[in-house]
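Below is one structure; the comments refer to it alone.
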Amino acid sequence: MTSSKIRINIVVIAILAVIAILVCISVTMLFLHIYRERITPTPTEGMTIVNRTVVLLPYPKIRTNVISIEQALAYRRSIREYTSEPITLEQLSQLLWAAYGINEVRYGFKTCPSAGATYPLVIYVVVGEKTVLINRTAYLRAGIYKYDPYTHSLILVKEGDYRKELAKAALGQKWVEEAAIDIVIMAIYERTTRVYGERGIRYVHMEVGHAGQNIYLEATALGLGTVVVGAFYDDWVQKIVGASPNEKPLYIIPVGVPVKPYRITEEEIAKYIEEQRKAAGLIS
Ligand SMILES: Cc1cc2nc3c(=O)[nH]c(=O)nc-3n(C[C@H](O)[C@H](O)[C@H](O)COP(=O)(O)O)c2cc1C
């Protein structure tokens, strides 16, 4: 090869390298732009930051001086009657964190136990018109949101109040329509069955029970009412929520301000147990 040919080759390679670098930079810039577009927050007030597509929830609070775990267990009840009052964004934040939030920062483990930490659950929230109050001045836009536990944020899937349609898909259970919000827990079974095979199916069902109970207890601690709903048409719920085909609905969990919170005393529980013991002939 002549020296002039070598020089031409070097120039061509240099030009191609520059083009490749420019393409890489452009693609990176494009991704950064899209990313920034998605997460650039529009502050409302205080710590609450709301964006066109992403809502950064207030950080989870580990509250002290609230009701004890025994009180939460004693006062937990399925509550199906709610007032028309909104819940707050802080309450929604606490409920989602309780359900499936991060409580371990090395591996991103969660409040909910999970077989092999495979975390198959995906959580959506159906928000009604003016049902979630932000800083006492504004409302979270009605819509369907997907919860991201890692950034503790909500991603808007679609706008609009879908509670009525969701209630229809739940065989007309009116508490689904009347609640301020409905938490919809879906599962991607493959995340767990990939590791455990068929047995993973039962693990997924156990896990949704844990998440559901977490929501019951947190709602009770917040003075809210809730009930887990298992009766609904799967395909219809999936369609309303805008879930992907591998996300299967397991629970709809309405939450609202209860018309009447449930209460019981230690004495009432002790009296009941005593009567049962007598009836069983264990004591006289
Ligand atoms: C798997 C499962 C499915 C349920 N499905 C519904 C439902 O579709 N609608 C409803 O109103 N309650 C539903 N419930 C709530 C039960 O009716 C309720 O837990 C039961 O009556 C006991 O009342 P308690 O939760 O107040 O102790 C369901 C509970 C479980 C565990």
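Miscellaneous remarks
- Checking every one of the trypsin sites (Lys or Arg not before Pro) in region 189-276 against DSSP loop status and a limit of 10 other Cβ atoms within 10 Å picks out R263.
- Cleavage-rule hits, trypsin sites (Lys or Arg not before Pro), region 70-143, DSSP coil, Cβ neighbours within 10 Å at most 12: R106, R136
- Column: log10 I(q)/I(0), Debye, Cα scatterers of the chain, q = 0.08, 0.09, 0.11, 0.13 Å⁻¹: -0.44, -0.53, -0.71, -0.93
- Of the GluC sites (Glu not before Pro) found in region 120-192, those in coil by DSSP whose Cβ has at most 15 other Cβ atoms within 10 Å are E129.
- Radius, Kirkwood style, for region 91-241 when every pair of distinct Cα atoms is counted (Å): 16.0
- Rounded to the nearest 500, the 222 nm mean residue ellipticity of the chain from helices alone is -13500 deg cm²/dmol, with -39,500 (n - 2.57) taken per DSSP H run of at least 4 residues.
- Ordering of 275-282, 90-97 by burial proxy (mean other Cβ atoms within 10 Å per residue, highest first): 90-97, 275-282
- The Cα center of region 51-124 and the Cα center of region 228-256 differ in position by 18 Å.
- Of the DSSP H helices in the chain, those whose Cα atoms cover at least 18 Å axially and whose Kyte score averages -0.5 or more: 3-39, 199-221
A short reminder: the numbers here are calculations on the coordinates, not readings from a lab. Values in this document were obtained by computation on a predicted structure and should not be read as measured data. Ideal geometry is used to build each Cβ from the backbone, glycine not excepted, and the neighbour counts take in all protein chains shown.
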